[in-house]
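Here is the structure we will look at, set down as structure tokens.
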Amino acid sequence: MRKYFLLLVVVSGLTISASGQKTWERDTIQTTSGNLFITFLGHGSLLFNYLEKNLYVDPVRQVADYSLLPKADVILVTHEHGDHLDVEAIKQLSKEGTEVYFTQLCLPKYPSGKVCKNEEFFITQGIPVNVVAAYNISNRRGNGLPYHPKGEGNGYILLFGQTRIYVAGDTEPTPEMAKIKNVQIAFLPIAEPYTMSVYLAAEAAKKINPQVVYPYHFNNANPNILQSALEGTGIEVRIRSMK
């Protein structure tokens, strides 16, 4: 039997810039150790606030002015592409003690970061992190190479209290993803051909079997299709502004 211990309070437009010009949707998740606040900045960019720590995933300036957002304690970058790695955004968010983790191909662009590889585990600012491989299997460029080759991209499983959250990064369903267990919330990309189709995302969700799926990294995909595809599975699909 699945344990339901998540309490969600949905507050749209709660995060407001100092100038009042920009708002983002934010959800509140009750964990065993306190509230987790998730701010949906856009595309692949997320902000997790937990026990007064701010953890960003893939902050890029195309979705936010980071001078108006709280400084980062932790920044996780999934891979080196420009819609995920933005060095200027990292600099805007950084303060003394900010920890930046990313892949090997990100290091030349930001030498101050720490490289973490697929299947590694580390703890940053008290938050346990498992690194999961993120890559394409079938979707390829015109030259035959995958959009995201194996070993070059990361997904991350974050533990907040007893709540495990999987942020998949740019990936298709992979054997590594199929092994993920006991995740309560999953962020799955639905930007075909760069990641996975909505229907592949539905199959991935069924294998992972989280309580909640947030489709993200939309591009032109319709996240409502994922909601329809998962009806009757017991998996709730929550759609936020993440084009």
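The values are calculated or read from the model by the stated rules, or taken from the named source; none is laboratory data. All values derive from a computational prediction rather than experimental measurement. Note: ideal-geometry Cβ built from the backbone for every residue, glycine included; neighbour counts use all protein chains shown.
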So which of 53, 117, 109 is out of contact with any Pro (no Cβ under 9 Å at 6 or more places or on another chain), closer than 19 Å to residue 40 by Cβ, surrounded by fewer than 22 Cβ atoms within 10 Å (Cβ to Cβ) and modelled with pLDDT of 95 or more? 53
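Only residues that are outside any strand (DSSP E or B), out of contact with any Gly (no Cβ under 7 Å at 6 or more places or on another chain) and either under 16 Å from residue 238 (Cβ atoms) or not basic (Lys, Arg) (or both): list them for segment 19-63, please.
Result: 19, 20, 21, 43, 44, 52, 59, 60, 62.
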All but one of (1) at pLDDT 95 or above; (2) among the aliphatic types (A, V, I, L, M); (3) surrounded by 13 or more Cβ atoms within 10 Å (Cβ to Cβ) hold for residue 137; state the number of the condition that does not hold. (1)
Whether any residue in segment 166-178 is in a loop (DSSP other than H, G, I, E, B), touching a helix residue (DSSP H, G or I) at 6+ places or on another chain (Cβ under 8 Å), of a type in the set (Gly, Ala, Ser) and without any contact (Cβ under 8 Å) to a residue 40 or more places away in the chain is what I want to check. yes
Look through segment 210-243, keep the residues that are at pLDDT 95 or above and of a type in the set (Gly, Ala, Ser), and return whichever of them is surrounded by the fewest Cβ atoms within 10 Å (Cβ to Cβ). 232
Can you pull out every residue in segment 211-237 that is assigned to a loop (DSSP other than H, G, I, E, B) and more than 19 Å from the chain's Cα centre (by Cα)? 230, 231, 232, 233, 234
Members of segment 160-183 found to be buried (at least 18 other Cβ atoms within 10 Å of the Cβ) and either among the charged types (D, E, K, R) or under 16 Å from residue 75 (Cα atoms) (or both), listed by number: 160, 164, 165, 166, 167, 168, 169, 170, 172
What residue, among those in segment 167-201 that are farther than 19 Å from residue 120 by Cβ and among the charged types (D, E, K, R), is modelled with the highest pLDDT? 172
